[in-house]
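Asker: Here it is: the structure, laid out below.
The values are calculated or read from the model by the stated rules, or taken from the named source; none is laboratory data. Note that the coordinates shown come from a computational prediction; the quantities given were computed from them, not determined experimentally. No Cβ is skipped: glycine too gets one built from the backbone with ideal geometry, and neighbour counts run over all protein chains shown.
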Amino acid sequence: MLVIMNGRFIVIEGQGFTGKTTQANMLAQVLNEKGIETISLRHPGGTDFAEKMRQQLLEKKEAGVLTPDEELDFLFKALKSLVDELIIPSLASGKWIILTRFIASAIVYQGYQEGLDKNMIKTQGEKASQHLKPDLSILIDVPAEEILKRENEGRGTEIHAYNSFEIDVLRTRREGFLEVFEEMDDAVIMDGAKTREEIQAEIWKEVETKLLQSPS
C-alpha cells in the first residue's frame, strides 16, 4: 500500500559529544512554536521495543560480549520498530520527525570502525527502514581532539561504551561520516566547533530554505 507522506523527516548525525540531541531538540522547539507539530527522537530508541533493544545493546557492548554482526542486528531491529510503529505513521499524519542517528551511523560505527561490509549495512538499513529517505540529513562535524576534550570535561552527553574511545577511533569515525555524507543526497555538513547558537541558526537556514519555502 502506498503511504503518502505529508510530514518531513530530518536526520541529525555525528559522534557523541557533537551536540546532536541539543540541536534536534532546539529545532523541534522552533518548529513546534511555528505551528508545525514536530517530534524529536533518537535511534536506537523511541518505541518500547526499540528502547529495550537499546538497553540490551549497551549492556552487552559494555560487557564486551557483542560481535559487530550482533550489534547490527540489535540496531536494525530497533530501527524497524521505530520506523514501522512511529515514524511512518507520524509522517503520514503530517507531523515532522527529527531523528538523531540513522543508517549513516551504522555504516560508520559497524562499517568503518568494526570492519563490516558497508554496502551490506546500507542495504540492510534500507530494508529495516522501509527505504525511507530523509528530506534533510545534517552532520555535525567535530574534530576528534575536540570530542576527546568534551568527553573529559563531561559535557552532558550520556557516557556509555559507544562514547568512550581513543582518539584514533574518533578520527576513523569522523573520516567515515565525512565520506558517507559526501555521497548522500539532501545532506549538509555543519561545523560543530561553532557555538550552539551559530549551529542552530545554520540548521534553521537549511530547513527554511529546503523544506519550508514553496517552489517558485
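Asker: Which residue pairs have Cβ atoms closer than 9 Å, lie 6 or more positions apart in sequence or on different chains, and pair a first residue in segment 105-124 that is closer than 20 Å to GLY14 by Cβ with a second residue that is aromatic (Phe, Trp, Tyr) and not in a helix (DSSP H, G or I)?
Answerer: Close Cβ pairs satisfying both conditions: TYR109/TYR162; GLN113/PHE165.
Asker: In segment 152-169, how many are within 22 Å of ALA24 (Cα to Cα) and either in contact with a Cys (Cβ under 7 Å, 6 or more places away or on another chain) or at pLDDT 90 or above (or both)?
Answerer: Counting residues in segment 152-169 that are within 22 Å of ALA24 (Cα to Cα) and either in contact with a Cys (Cβ under 7 Å, 6 or more places away or on another chain) or at pLDDT 90 or above (or both) gives 0.
Asker: Which one is farthest from PHE76 (Cα to Cα), of the residues in segment 101-114 that are of a type in the set (Ser, Thr, Tyr) and surrounded by 23 or more Cβ atoms within 10 Å (Cβ to Cβ)?
Answerer: Restricting to residues being of a type in the set (Ser, Thr, Tyr) and surrounded by 23 or more Cβ atoms within 10 Å (Cβ to Cβ), the top hit is TYR109.
Asker: Pick from LYS205, LYS149, LYS127, LYS118: which is farther than 25 Å from ARG54 by Cβ, modelled with pLDDT of 95 or more and either of a type in the set (A, V, I, L, M, F, W, C) or over 15 Å from the mean Cα position of the chain (by Cα) (or both)?
Answerer: Result: LYS205 is the single residue among LYS205, LYS149, LYS127, LYS118 that is farther than 25 Å from ARG54 by Cβ, modelled with pLDDT of 95 or more and either of a type in the set (A, V, I, L, M, F, W, C) or over 15 Å from the mean Cα position of the chain (by Cα) (or both).
Asker: Among the residues of segment 86-99, write down those that are buried (at least 24 other Cβ atoms within 10 Å of the Cβ) and of a type in the set (Val, Ile, Thr).
Answerer: ILE87, ILE97, ILE98
Asker: List the pairs whose first member sits in segment 16-45 and is under 21 Å from GLY125 (Cβ atoms) and touching a residue at least 60 places away in the same chain (Cβ under 8 Å), whose second member is assigned to a loop (DSSP other than H, G, I, E, B) and charged (D, E, K, R), and whose Cβ atoms are under 6 Å apart, counting only residues at least 6 apart or on separate chains?
Answerer: HIS43/ARG101
Asker: Can you name every residue in segment 17-36 that is crowded, with 22+ Cβ neighbours inside 10 Å, assigned to a loop (DSSP other than H, G, I, E, B) and of a type in the set (Gly, Ala, Ser)?
Answerer: Residue satisfying the conditions is GLY19 alone.
Asker: Go through segment 43-78 residue by residue and tally those that are of a type outside the set (Phe, Trp, Tyr) and either buried (at least 19 other Cβ atoms within 10 Å of the Cβ) or in a loop (DSSP other than H, G, I, E, B) (or both).
Answerer: Selection size over segment 43-78: 17.
Asker: Can you tell me which residue is nearest to LEU178 (Cα to Cα) among those in segment 63-104 that are small (Gly, Ala, Ser) and free of Cβ contacts under 8 Å to residues at least 40 places away in the same chain?
Answerer: ALA78
Asker: Pairs please, first residue from segment 193-214 and surrounded by 15 or more Cβ atoms within 10 Å (Cβ to Cβ) and in a helix (DSSP H, G or I), second anywhere and modelled with pLDDT of 95 or more and basic (Lys, Arg), Cβ atoms under 7 Å, 6+ apart in sequence or on different chains.
Answerer: Within 7 Å, the pairs are LEU211/ARG8.
Asker: Scan segment 115-158 for residues that are charged (D, E, K, R), loosely packed, with under 13 Cβ neighbours inside 10 Å and assigned to a helix (DSSP H, G or I) and jot them down.
Answerer: LYS127, GLU145, GLU153
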